[in-house]
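**Q** The structure follows.
The values are calculated or read from the model by the stated rules, or taken from the named source; none is laboratory data. Keep in mind that what you see is a predicted model, and the values were worked out from it rather than measured. Every residue, glycine as well, gets a Cβ built from its backbone with ideal geometry; the counts of neighbours run over all protein chains shown.
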Amino acid sequence: MEHQTALDRTRRWIASMVIGLNLCPFAQRVFVGDKIRYVVVDATNEAALLKELANELKMLSAAPIETVETTLLIHPYVLGDFLDYNDFLDRAEEQLETLGLSGIIQIASFHPNYQFADTEPDAVENFTNRSPYPMLHLLREESIDASADDEEALLDIPRRNIETLRALGRDRIDSMFKHIDDV
């Protein structure tokens, strides 16, 4: 797979799903402002992905926030199985701590087969974190703090997202994901 294909699909996913459905009310500002760093890695095992993650964490923490506010580390060749991906998240958090970046950067998780605990695999609420490829979203804590002046509204996002997806229904969500692939 070409990196450009992964980048294009990821951008379409952000535009149509994340921004289009307002799943993340903070995404549009950084998307339109071109402050998202997209990195497609060729890692084929967890050790190589951890190395890429360390590099990106260091890069993001050193970059001026005016130019790079957040990073999407897209890894299409490793952790395609969601349970393996989910287990890897602990190692990713350990990497964050090892680099002394806990409280500075946080890692959000997205995967094509994302499944919240206690949900069925095809439950629509899982689509709040489903993406075209496995990816790690590296977010600066200061960006979250600056964008989230209303903590009540921030805490209400997951509930609102589930309501939005349930109202759309599985057929419409599947259609939206198919459009991401078809363009």
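**Q** Of the residues 72, 23, 101, only one is under 13 Å from the mean Cα position of the chain (by Cα) and part of a loop (DSSP other than H, G, I, E, B); which?
**A** Values: 72 fails: part of a loop (DSSP other than H, G, I, E, B); 101 fails: under 13 Å from the mean Cα position of the chain (by Cα).
On inspection, the qualifying residue turns out to be 23.
**Q** Filter segment 12-65 down to the residues that are modelled with pLDDT of 95 or more and among the charged types (D, E, K, R) and list them by number.
**A** Matches in segment 12-65: 12, 34, 35, 37, 42, 46, 51, 52, 56, 58.
**Q** Based on this model, can you work out whether residue 49 counts as buried (at least 18 other Cβ atoms within 10 Å of the Cβ) and in a loop (DSSP other than H, G, I, E, B)? Even if it seems obvious, please write down each step before you answer.
**A** Details: buried (at least 18 other Cβ atoms within 10 Å of the Cβ): yes; in a loop (DSSP other than H, G, I, E, B): no.
So residue 49 fails the test.
**Q** Please enumerate the residues belonging to segment 52-65 that are in contact (Cβ under 8 Å) with a residue 12 or more places away in the chain and either in a helix (DSSP H, G or I) or not small (Gly, Ala, Ser) (or both). Give the derivation first.
**A** Let us first name the residues in segment 52-65 that are in contact (Cβ under 8 Å) with a residue 12 or more places away in the chain, namely 52-54, 56-61, 63, 65.
Scanning segment 52-65 gives 52, 53, 54, 56, 57, 58, 59, 60, 61, 65.
**Q** Another question about this same structure. Scan segment 125-136 residue by residue and report those that are aromatic (Phe, Trp, Tyr) and either modelled with pLDDT under 95 or surrounded by fewer than 23 Cβ atoms within 10 Å (Cβ to Cβ) (or both). Outline the logic, then answer.
**A** As a first pass, look at segment 125-136 and keep what is aromatic (Phe, Trp, Tyr): 127, 133.
Passing the criteria: only 133.
**Q** Now for a different question. Which ones in segment 13-35 are among the aliphatic types (A, V, I, L, M) and in contact with an Asp or Glu (Cβ under 6 Å, 6 or more places away or on another chain)?
**A** Matches in segment 13-35: 30 only.
**Q** Of these, 165, 154, 139, which one is part of a strand (DSSP E or B) and surrounded by 13 or more Cβ atoms within 10 Å (Cβ to Cβ)? Please lay out each step first, then the result.
**A** On the way: 165 fails: part of a strand (DSSP E or B); 154 fails: part of a strand (DSSP E or B).
That would be 139, the only listed residue that is part of a strand (DSSP E or B) and surrounded by 13 or more Cβ atoms within 10 Å (Cβ to Cβ).
**Q** Of the residues that sit in segment 31-46 and are touching a residue at least 24 places away in the same chain (Cβ under 8 Å) and β-branched (Val, Ile, Thr), which one is surrounded by the fewest Cβ atoms within 10 Å (Cβ to Cβ)?
**A** Here the residue is 44.
**Q** Answer with yes or no whether residue 105 is surrounded by 13 or more Cβ atoms within 10 Å (Cβ to Cβ), in contact (Cβ under 8 Å) with a residue 40 or more places away in the chain and closer than 24 Å to residue 57 by Cβ. Quick ask: steps written out before the conclusion?
**A** Values: surrounded by 13 or more Cβ atoms within 10 Å (Cβ to Cβ): yes; in contact (Cβ under 8 Å) with a residue 40 or more places away in the chain: yes; closer than 24 Å to residue 57 by Cβ: yes.
So residue 105 fits the description; yes.
**Q** Can I ask one more? Select from segment 79-98 the residues that are assigned to a loop (DSSP other than H, G, I, E, B) and buried (at least 20 other Cβ atoms within 10 Å of the Cβ) and list them in ascending order.
**A** If we filter segment 79-98 for residues that are assigned to a loop (DSSP other than H, G, I, E, B), which is where we start, we get 79-81.
If the condition is that a residue be assigned to a loop (DSSP other than H, G, I, E, B) and buried (at least 20 other Cβ atoms within 10 Å of the Cβ), then 79 is the only one that fits.
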